[in-house]
1. Considering only residues that are of a type in the set (S, T, N, Q) and surrounded by 15 or more Cβ atoms within 10 Å (Cβ to Cβ), look in segment 51-83 and name the one that is farthest from E410 (Cα to Cα).
2. Restricting to segment 124-173, name every residue that is closer than 16 Å to V58 by Cα and among the small types (G, A, S).
3. Pull out all pairs, ordered by first then second residue, where Cβ-Cβ is under 9 Å, the residues are six or more apart or on different chains, the first lies in segment 67-78 and is in a loop (DSSP other than H, G, I, E, B), and the second is open to solvent by 40 Å² or more (accessible area, probe 1.4 Å).
4. For A163, indicate whether it is out of contact with any Pro (no Cβ under 7 Å at 6 or more places or on another chain), at pLDDT 90 or above, under 17 Å from V217 (Cβ atoms) and open to solvent by less than 10 Å² (accessible area, probe 1.4 Å).
5. Using the structure shown, decide if R420 is open to solvent by 70 Å² or more (accessible area, probe 1.4 Å), modelled with pLDDT of 65 or more, in a helix (DSSP H, G or I) and farther than 27 Å from A279 by Cβ.
6. So the check is Cβ under 8 Å with 6+ separation or different chains; which pairs have a first residue in segment 273-300 that's more than 15 Å from P98 (Cα to Cα) and open to solvent by 50 Å² or more (accessible area, probe 1.4 Å) and a second one that's acidic (D, E) and part of a helix (DSSP H, G or I)?
7. For the condition among the aromatic types (F, W, Y), at pLDDT below 85 and either open to solvent by 20 Å² or more (accessible area, probe 1.4 Å) or within 21 Å of M221 (Cα to Cα) (or both), what is the one hit in F121, F92?
8. Could you look through segment 301-314, keep only residues that are part of a helix (DSSP H, G or I) and at pLDDT below 85, and pick out the one that is surrounded by the most Cβ atoms within 10 Å (Cβ to Cβ)?
Amino acid sequence: MNTTYSHANGGAAGSAKANGTTDEKPPVIDAGLRSLDHYKRALPKWRYDLRQRALPLVRWETPYLAWLQATLRSPALDSYFAITANLGTHTFFMIGLPILFWCGNASFGKGLVHILANGVFFTGFVKDFFSLPRPLSPPLHRITMSGSAALEYGFPSTHSANAVSVAVYGILCLRSPNNPFQPNTTSALEALAYFYAISIVFGRLYCGMHGFVDVIVGSVMGAVISLIEFYYGPSINTYLLENSWTGVCSVLLLIIILIRVHPEPADDCPCFDDSVAFAGVVMGLEIGTWRFGRSSWAEIPFDLNALGWPAVILRILFGVLVIFAWREVAKPSLLRGLPHLFRLIEDRGLSLPRRFFMPASEYKNIPLRLRVDNVMPNVSDLPGLFTAVRHPGRGRSVSVGPQSAADAYETLAYRDRRRRESVGTENSPSAQDTQGGGGAPVLSRSSAVSGVQQHSRPSDFEKLMGEGTVVVSPTETSTGEEPDLYVGQQDELGEREVFSKLVKPRVRYDVEVVTKLVVYCGIGWLAVEIIPVLLEVIPGLGAGYLRIA
């Protein structure tokens, strides 16, 4: 099979040799107009225009981010910020939040679920709406322990929203009249909250994962969400608890509507998956707290001293096992049964297809071990998580080069912009120092990848922008599909560039959205109602004898 590629630097297309022959094909400069106009085709005109107005700001701040990173880089800080970034992830909170409901902090836990769910949902909403890339690499080095984080868009930062919302909400609770802690403890916890938020937010800049605008807007969104939850959340909770099921059903309907109007991204970004998962958790949370709060089980207090640490640890282990068991059973069952229902709905013209999701009429079976999200680990992922905890440095990676379709398209677009800007000056003496009409100073591959620390000014890093390796297969340009993208990445700890095809996202099925909603709704419901009741039934784990008379 003969395959021809076009290098993103422009010029004549390369050729692949097969059976001793060479097939020449017309050159495709920077992937042709199909790649350069990717977002113009994929987005409605009004969204595309907004994106184009915001994009120069992302490009403007990149050299300053690279200068900041190069100035501060050290192995110790690399490890610290890569590891602590996990404290702002969905997985960390999804695993940790249920424990609050099993250890007597249900009110605080519900508030945290609300602010984190809103933060994840609305930052994902804005990310998919604008479809803005992360700051370019090179010149930035991407330092991360998560393989999926780089696949998301950059604006705004969900990590920053999560960290700031938790810190603001915690500080507000510490300053409330109901604060049970001593003044010294309160001051220490406040200082810890500030340090946590600043560390996570600054870490996103240091790790090259976000720009200044990303973290500022994400932080503001997180703070606003926490303020709304702290001042208005208790009143809403009381209203829902004291009224009939119609109030809870109204909340569930609102959540479903928000999921339906979630913007469709230009690329297959996982933001929507995270939003759906947390929306499902909130649905289960509202159902469970409404039912549990109206039952006699809610009168049972939690007393650590009376229960003892062994019983508390067993309560947590039992709850975690129940949640994992539910997920392992419910997900394959839904993936097996829902396609039949969806085909019936589709036959009646009631399907609401979403981009990047295959309708049920176009497939027969779904792999039952399909990974439908990155929010919560599968049971098979647990050994890897334990290894990461024991040896946190092993999971850190430092790479240079495009990591997603958004990165690749931005590399192509920025290079094309520099080429067009150079047209008017190509006859000037300075034009003789540019490569291939690209408008960029000639830089070796080693300079583009590992020479960041050789520069001392932000303007030096601007010259590296657009130097990432992107090669495009022109074989798809005559069809309605996007061309294959091949990107070059180099781990700065290694010695050679890894040149590979940018893997297109797996086939996604229409039933995944409902599957995630049901699974995570069940997790929320289990955490706040079913598991607390089961804990009271199991001998040795309950606190029923502490019931208030």
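1. Within segment 51-83, the first condition is being of a type in the set (S, T, N, Q), and the residues that meet it are 52, 62, 69, 71, 74, 79.
Next, only the ones that are surrounded by 15 or more Cβ atoms within 10 Å (Cβ to Cβ) stay: 62, 69, 79.
Working: T62: 12, Q69: 21, S79: 28 Å.
Going through the qualifying residues, I end up with S79.
2. Result: S131, S137, A150, G154, S157.
3. R73/Q453
4. Details: out of contact with any Pro (no Cβ under 7 Å at 6 or more places or on another chain): yes; at pLDDT 90 or above: yes; under 17 Å from V217 (Cβ atoms): yes; open to solvent by less than 10 Å² (accessible area, probe 1.4 Å): yes.
So A163 passes the test.
5. Working: open to solvent by 70 Å² or more (accessible area, probe 1.4 Å): yes; modelled with pLDDT of 65 or more: yes; in a helix (DSSP H, G or I): yes; farther than 27 Å from A279 by Cβ: yes.
The answer is yes for R420.
6. Short answer, once both residue conditions are applied: R291/E529; W297/E536.
7. Working: F121 fails: at pLDDT below 85.
Selected residue: F92, the only one of F121, F92 that is among the aromatic types (F, W, Y), at pLDDT below 85 and either open to solvent by 20 Å² or more (accessible area, probe 1.4 Å) or within 21 Å of M221 (Cα to Cα) (or both).
8. Going through segment 301-314, the residues part of a helix (DSSP H, G or I) turn out to be 304-307, 309-314.
Right, trim to at pLDDT below 85 and you get 304-307.
Values: L304: 12, N305: 6, A306: 11, L307: 19.
Among those that are part of a helix (DSSP H, G or I) and at pLDDT below 85, it is L307.
The values are calculated or read from the model by the stated rules, or taken from the named source; none is laboratory data. These figures come from a predicted structure and were not determined experimentally. Using ideal geometry, Cβ is built from the backbone for each residue, glycine included, and neighbour counts are taken over all protein chains shown. Please note that ligands, DNA and RNA were not included when accessible areas were found on the heavy atoms of the full protein model with its side chains. Shrake-Rupley method; radii C 1.70, N 1.55, O 1.52, S 1.80 Å.
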